[in-house]
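To start, the structure under review is shown below, and the notes come after it.
Here, each number is a calculation from the coordinates, and none is a lab measurement. Computed from a prediction, not measured in an experiment: that's the story for all the values here. Counting neighbours? That spans all protein chains shown, and the Cβs are built from the backbone with ideal geometry, glycine included.
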Amino acid sequence: MNSFNEFNLKPEIMRGIADLYYKKPTPIQQEAIPLALEGKDLIGQAQTGTGKTAAFVIPLLQTIEPEKKDIQGLIMTPTRELAIQITEDIKELGKHMNINVLSLHGGQDIMRQINKLTGSIHIVVGTPGRILDHLRRETLHFGRIKTLVLDEADKMLEMGFLQEVEEVFIQTAQKKQVLLFSATIPDDVRKLAHRFMNQPQIIRIEKKQITAVNTKESYYVVNQSDKVDVLLRLIKEARPYLAVIFANTKQRVNELVRQLQMNGLDAQALHGDLSQKKREQIMDQFRQAKFQYLVATDIAARGLDVEGITHVFNYDMPSDVESYIHRVGRTGRAGQQGEAISLVSPRQKMIFNRISKAISGGAEEKFLGGAKRSPRQRKLRERAGRKIVEERDITQKAESSERTQAASAKEKPSPGRAHAKKEAVKPGYKKKQRLEKAKQLRQERRKAISESYRKRKK
């Protein structure tokens, strides 16, 4: 199938497709759209970046009757970011139709949502918790719904939304079409489908390469303490247009943003501690390229679709294949070229090897300086590292011994000075001495590392 014309869609939808420069359907769209247009329930298994959002939005728009004021479509997603993204996609594809779509999720004023629900709404996109909240308040009714879509169903159940999803299903019209899309189909998803779907058609899009074909993947084995310096060096070499840098915790994200800004890079943070308004503001600025580097937790791994992301950096490694795929899927989208670079600590290399083996083609291991180190160079580096560790241990033991002696002298003053008047010590003097000593030790260590590196290069 080489054209969307073969689906016999409404002219208004075709105009929306043309405006978005969609040239031909992706594999998931080719298989899912005809079945959905026939009104059949279906399960679509496909990875991120395959065009599955349009695979359910297009048939949903085809069935909407704008003249009716009832809610005719419901799309449930695991995260508010994905809900916002899908809402924007619906608005883009359906902008030539007279339809209204509303996003319902946490972080928004619920009274404003209630006021909007009193008007004409055709499609609701939201997270299970907030949708259920409205159902319990009786401000939301799905008695005349035609289509219910579950997007990222595996992630939704993994996040503990099974009970909420089941309750929403029960409170929707009994006769409806159900479309379920998921990257994986674990047992929980199968049980949910068996309970609430009517003989669903199953579509599996097997990809030769799980991550995007036009995304170049590589990784560096780097000690945790060296990661900031290595990241700055790689950014300087890669010169991204827009880049997303993933870290595993909010604290790490904030610290990394501070480090990047100190080095003159325009970076902003995105994580769960930010208000919804602030997160939307940051994403709008990023889409407009008002800053180059978005440092984020996995909150941005799904549902973040920004044109122009040329690079993804995994500062911290995800623990599983799916998370890695979703992160890498932020670049190399819609036929554009992308690059994903991961910084892997020596202890994480085994985990990354498992991830790499699960990806057809795998990620290429790279080394700073371009060339792979010879066995002799690696031995010299290990020897230098051991020497630094030994020097550090000696220094720590010496410091510990000095502290013990000082404490002992304090507890047992000499008889001749037992009644002597204590000498006045300037406030902060001892602390200043400790800081100066620590600074001196750091300088000596840096000098040792530099000397070792210089010898190795020779």
Burial ranking of peptide ranges 239-247, 122-130 (average Cβ count within 10 Å, highest at the top): 122-130, 239-247
Which three lengths, in whole Å and largest first, does segment 230-328 cover when its Cα atoms are put on their principal axes? 30, 28, 27
Per 0.36 nm of contour for each residue apart, how much would the distance between Asn198 and Arg144 grow if the chain were fully extended, relative to their Cα-Cα spacing? 17.6 nm
Through the Karplus equation 6.51 cos²θ - 1.76 cosθ + 1.60, θ set to phi - 60°, convert the phi angles of segment 276-291 into ³J(HN,Hα) values in whole Hz; use x for Gly and Pro. 4, 4, 5, 5, 5, 5, 5, 5, 4, 5, 5, 4, 8, 6, 6, 9
Read phi for every residue in segment 22-39 and hand back ³J(HN,Hα) as whole Hz from Karplus 6.51 cos²θ - 1.76 cosθ + 1.60, θ = phi - 60°, with x for Gly and Pro. 6, 8, 8, x, 7, x, 5, 5, 4, 8, 7, 4, x, 5, 5, 5, 7, x
Report, by chain and number, residues whose modeled amide H sits under 5 Å from the one on Asn314, excluding near sequence neighbours (fewer than 5 apart, same chain). Phe246, Ile341, Ser342, Leu343
Ordered by residue, what ³J(HN,Hα) values in Hz, to whole numbers, does segment 117-122 give under the Karplus form 6.51 cos²θ - 1.76 cosθ + 1.60, where θ = phi - 60° and Gly and Pro are x? 5, 6, x, 8, 10, 9
FRET efficiency, 1/(1 + (r/R0)^6) with R0 22 Å, evaluated for Ser225 and Gln433 via beta carbons: 0.30
For Glu217, other-chain or 5+-apart residues with amide H closer than 5 Å (H placed, Pro excluded) are Ala340, Glu364
Taking Met197, Met350 and counting other beta carbon atoms within 10 angstrom, the fewest-first order is Met350, Met197
Ordering of 343-349, 66-72 by packing [mean C-beta count within 10 Å, highest first]: 343-349, 66-72
Taking the Cα centre as origin and putting +1 on Lys and Arg beta-carbons and -1 on Asp and Glu beta-carbons, what dipole magnitude results for segment 4-204, to the nearest 20 debye? 360 debye
For segment 28-69 and segment 168-185, what is the separation of their Cα centres, given in Å? 13 Å
If you average the C-alpha positions of segment 252-316 and of segment 337-354 separately, how far apart do those two centres end up, in angstrom? 20 Å
Listed by chain and number, the residues whose amide H is under 5 Å from that of Thr184, excluding neighbours fewer than 5 places away on the same chain and using placed H, are Asp154
For segment 141-299, what is the convex hull volume of the alpha-carbon atoms per residue, in Å³? 184 Å³
